[in-house]
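Just so it is clear, none of the values below were taken in a lab; they were calculated from the coordinates. Given the structure is predicted, the values throughout are model-derived calculations rather than measurements. For neighbour counting, all protein chains shown are included, and Cβ atoms are generated from backbone atoms with ideal geometry for every residue, glycine included.
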There are 2 protein chains.
Amino acid sequence: MTAPVDRTRRPFVIEEAIAILARTPSTLDALLRGLPVSWTLAHEGGETWSAFDVMGHFIHGEQVDWIPRAKIILTHGDARAFDRFDRLAQFTASAGRTLHNLLDDFAKLREANLRELGSLNLTNADLDRLGRHPELGVVTLRQLLATWVTHDLDHIMQISRVLARQYWDEVGPWRAYLRIISE
Amino acid sequence: MTAPVDRTRRPFVIEEAIAILARTPSTLDALLRGLPVSWTLAHEGGETWSAFDVMGHFIHGEQVDWIPRAKIILTHGDARAFDRFDRLAQFTASAGRTLHNLLDDFAKLREANLRELGSLNLTNADLDRLGRHPELGVVTLRQLLATWVTHDLDHIMQISRVLARQYWDEVGPWRAYLRIISE
């Protein structure tokens, strides 16, 4: 087993990005399916999101964010800005649904999107193509796809944190050692 | 689907704790098995841990921490302090092994430990029993078990963060939106 020289940064390699993106639905499924609803609806207070809310957000991203934006870049370059992403769309879209449903839908949408990504046969020149984010300005297709990966991991982290913090009181003196809780 | 009134805290319920503990091996398996080694050996610089290091730490916890400490409480109460936990044990124990092996071992050890936990048939009175942590002082069996759950989630969070930060450079302007990277 050989470690790369710099273990803190990886260059974007599309096969590696796809390897991570493909694992997200099964990771979330393993973590969440069948957990008591009191846990999957738990949040961090105020307007913070539960695991259930995050799953709806993941679904919305598959529908309107990553692949649609990649296609805007490939078709229009930076001449046309991406549509704005609605961070609260899931509060309407997920209403009345079960976590079960959301996990199933996310897995199907992700699979279809990765199939579509593969069919684009992106070259390095394609990855350098420019797009326009409505707030961030000029971005590349490579940055969009790297953000897709990071966004997945960000929300896996969020869900773990939301669940862990439910035991803020119950861990007692161990709170001092648990970074997730005390941060 | 009914949300509990306070969605930010859960009381310790052993069946719920076991439900989460039982999901950790499959969650880590889904996230990590088959990922390129350059990712599973990635870390956050300096003495920080990779996913590979964390898996060794999980294994060591199954072997000497959670259930062994629960038994010390049930046998000796707070008359005998827990043995100290070696946070660096995995650097020797995992040497020359594959992530593959570590994921398999962790799953087996966790399954056996949850079987043993179930066989203890813990009552609420048992959960109130006192133990002695070598640094934190008096703790309860309930706190130990709640910490086991939280510790799992803490390290799932850590692994997600370590992976995500590898794309610090690659996400470009999106860094501003990605909490996991910019925190």
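Over every pair of different alpha-carbon atoms in the stretch B:46-87, take the mean of 1/r and invert it; report that Kirkwood radius in Å. Please list the in-between numbers first.
On the way: mean 1/r = 0.0862 Å⁻¹.
When all Cα pairs of the stretch B:46-87 are included, the Kirkwood radius is 11.6 Å.
Based on a Kirkwood Rh over C-alpha pairs, give the Stokes-Einstein translational diffusion coefficient of the stretch B:67-153 at 25 °C and viscosity 0.890 mPa s in µm²/s.
Details: Rh = 14.5 Å.
Taking Rh from Cα pairs, D becomes 170 µm²/s.
3J(HN,Hα) along the stretch B:63-78: 7, 10, 9, 5, 5, x, 5, 4, 5, 4, 4, 5, 8, 10, x, 8 Hz, from the Karplus curve 6.51 cos²θ - 1.76 cosθ + 1.60 with θ = phi - 60°, whole Hz, x for Gly and Pro. Given +1 at the Cβ of Lys and Arg, -1 at the Cβ of Asp and Glu and no other charges, the dipole of the protein assembly as shown around its Cα centre is 40 debye to the nearest 20.
Neighbours of B:PHE85, meaning other residues whose beta-carbon lies under 11 angstrom from its beta-carbon, give a summed charge of -1 when Lys and Arg score +1 and Asp and Glu score -1.
Please give the per residue volume of the convex hull enclosing the alpha carbon atoms of chain A, rounded to a whole number of Å³. Mind showing how you got there, number by number?
Numbers: hull volume 29.7 nm³, N = 183.
Convex hull volume per residue, Cα atoms: 162 Å³.
For the protein assembly as shown, the equivalent ellipsoid derived from the alpha-carbon gyration tensor has semi-axes of 38, 24, 17 Å in decreasing order. With the simple spin-label model, which puts each label point 7 Å out from Cα in the Cβ direction, the A:LEU136 to B:ALA81 separation comes to 4.9 nm.
With Cβ to Cβ distances under 14 Å as the rule, what net charge do the other residues near A:ASP29 carry (K, R +1; D, E -1)? Could you put the intermediate results ahead of the total?
Values: positive: A:ARG23, A:ARG33, A:LYS108, A:ARG110, B:ARG23; negative: A:ASP104, A:ASP105, A:GLU111, A:ASP152, B:ASP29.
After counting each charged neighbour, the total is 0.
Of the GluC sites (Glu not before Pro) in the stretch B:1-95, the ones in a loop by DSSP (not H, G, I, E or B) with at most 16 other beta carbons within 10 Å are B:GLU44, B:GLU47.
Of the trypsin sites (Lys or Arg not before Pro) in the stretch B:1-68, which ones lie in a loop per DSSP and count no more than 14 other C-beta atoms within 10 Å? Walk me through the numbers on the way to the answer.
Values: sites: B:ARG7, B:ARG9, B:ARG23, B:ARG33; in loops: B:ARG7, B:ARG9, B:ARG33.
Filter output for the stretch B:1-68: B:ARG9, B:ARG33.
Computed from backbone phi, the HN-Hα couplings of the stretch B:145-150 come to 6, 5, 5, 4, 4, 5 Hz, rounded to whole numbers (Karplus: 6.51 cos²θ - 1.76 cosθ + 1.60, θ = phi - 60°; Gly and Pro given as x).
The ellipsoid that matches the Cα gyration tensor of the stretch B:1-105 has semi-axes, each √(5λ) in whole angstrom, of 28, 23, 13, with the longest given first.
Computed across the stretch B:2-61, the Kirkwood radius stands at 14.2 Å (inverse of mean 1/r, all Cα pairs). For B:GLY131, the residues whose modelled amide H falls within less than 5 Å of its own, excluding neighbours fewer than 5 places apart on the same chain, are B:VAL139, B:THR140, B:LEU141.
Between the Cα long axis of helix A:99-119 and the first principal axis of chain A there is an angle of about 20°, rounded to the nearest 10. Taking only Cα atoms, what is the 0 to 90° angle, nearest 10, from helix B:14-32's long axis to the longest principal axis of chain B? In chain B, helix B:14-32 runs at an angle near 20 degrees to the longest axis. Per-residue 3J(HN,Hα) values for the stretch A:83-89, derived from phi via the Karplus relation 6.51 cos²θ - 1.76 cosθ + 1.60 with θ = phi - 60°, read 5, 5, 9, 8, 6, 10, 4 Hz in sequence order (x marks Gly and Pro).
Work out the mean other chain Cβ neighbour count within 10 Å for the residues of B:138-146 and drop it here as an integer. All intermediate terms of the calculation are to be shown ahead of the outcome.
Details: counts 2, 4, 3, 0, 3, 8, 3, 3, 10.
The shielding value for this peptide is 4.
Per residue of peptide B:33-40, the mean number of Cβ atoms on other chains within 10 Å of the residue Cβ is 5. Under a Gaussian network description of chain A, with springs only between Cα atoms under 10 Å, the residue in A:ASN121, A:ASN101, A:ASN113 that fluctuates furthest is A:ASN121. Across peptide A:7-15, the mean count of Cβ atoms from other chains lying within 10 Å of each residue's own Cβ comes to 6. At a Förster radius of 35 Å, what calculated FRET efficiency corresponds to the Cβ-Cβ distance of A:ARG33 and A:LEU120, to the nearest 0.05? Computed FRET efficiency for A:ARG33 and A:LEU120: 0.70.
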